[in-house]
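Report on one structure; see the data block that follows.
Every number in this text was worked out from the coordinates using simple rules, so none of it is lab data. All of these numbers come straight from a predicted model, not from anything done at the bench. Glycine gets a Cβ as well: all are built from the backbone with ideal geometry, and neighbour counts include every protein chain shown.
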Amino acid sequence: TAAPASGKTYQIGTDITFAPFEYQDASGKYVGIDMDLMEAIAKDQNFKYEIKPLGFNAAVQALESNQVDGVIAGMSITDERKLKFDFSESYYDSGVSMAVRSGNEDIKSYGDLRGKKVAVKTGTQGYTVAESLAGEYGFTIVPFDDSAQMYDDVKGGNSVATFDDKPVLAYGQNQGNGLQVVEEIEMVKGGSYGFAVSKGQNAELLKMFNDGLTNVRNSGEFDRILANYLGENA
Ligand code: GLN
């Protein structure tokens, strides 16, 4: 592996709280599947980078205005985003589910949301899904910038539900975060995660990410990272 021609330190935007993909451990260090994957790829491809935990929407906007070189944030590869960004190969399949406060058995279908509030994170697929249903099912969207505030709004009872990525909701539920996935509602599929760079701006970084991803997959390191956060069934 050769050193990148530029020898620069790439600035990589990410979300603030999106466990198990990115979150702070007890010492304040950012950990998670995305963080470990980035580290493994940078090591394999011999480039330097710095993580900027900006929040999801802010990270995507920073990428759009070229204030960061890339984003890794459980970011779904969508046709709309492909107009603005170049994506790596996908590295994790995801989709959107709905969750409510643990023990709340009153919300089993979209119809149960009528007249109620639903918390979502600005700029996400969860937001898009909620927005597409709000009119028909008569609920109000309450937007937040980060998942912790969004979850608190549901736990506190202001909102009755949230739409967020299924693997993130499921991980939180297993950790006892106070929310439970409504399994009666089918996950809205689509939204495999990719690493994004500005369109046409960072071919070198994107190629290194893809090459490194192939290598850490083939070496078994990516499986070890997944198992470390998700258990052996990952
Ligand atoms: N995967 C979702 C999206 O891309 C949510 C990402 C996130 O909240 N970090 O919109």
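Based on Cα coordinates alone, diagonalise the gyration tensor for the chain, multiply each eigenvalue by 5, take square roots, and list the semi-axes in whole Å, largest first.
Largest first, the chain gives 32, 19, 15 Å.
Using a basic spin-label model with each label point 7 Å from the Cα along Cα→Cβ, how many nm lie between T78 and Q149?
Between T78 and Q149, the simple spin-label model gives 2.0 nm.
With r defined as the distance between the Cβ atoms of Y229 and E89 and R0 fixed at 25 Å, what FRET efficiency is calculated, to the nearest 0.05?
Numbers: r = 20 Å, r/R0 = 0.80.
For Y229 and E89, the calculated efficiency is 0.80.
If you take the square roots of the eigenvalues of the alpha-carbon gyration tensor of the stretch 95-189 and sort them as a ≥ b ≥ c, do you get rounded (a/c under 1.5), prolate (a/b over b/c) or oblate? Write down the numbers at each step before the final one.
Working: a/c = 1.25, a/b = 1.18, b/c = 1.06.
Rounded, because the longest to shortest axis ratio a/c is under 1.5.
What lysines could a cross-link reach from K207, if we take a straight Cα to Cα line under 17 Å and drop same-chain neighbours fewer than 8 places away?
K8, K43, K48, K82, K199
Sorted from fewest to most neighbouring beta carbons within 10 Å, what does the list S132, S90 look like?
Working: S132 11, S90 15.
Neighbour counts put them in this order, fewest first: S132, S90.
Could you tell me the center-to-center distance, by alpha carbons, between the stretch 158-234 and the stretch 35-68 in angstrom?
Centre-to-centre distance over Cα atoms comes out at 15 Å.
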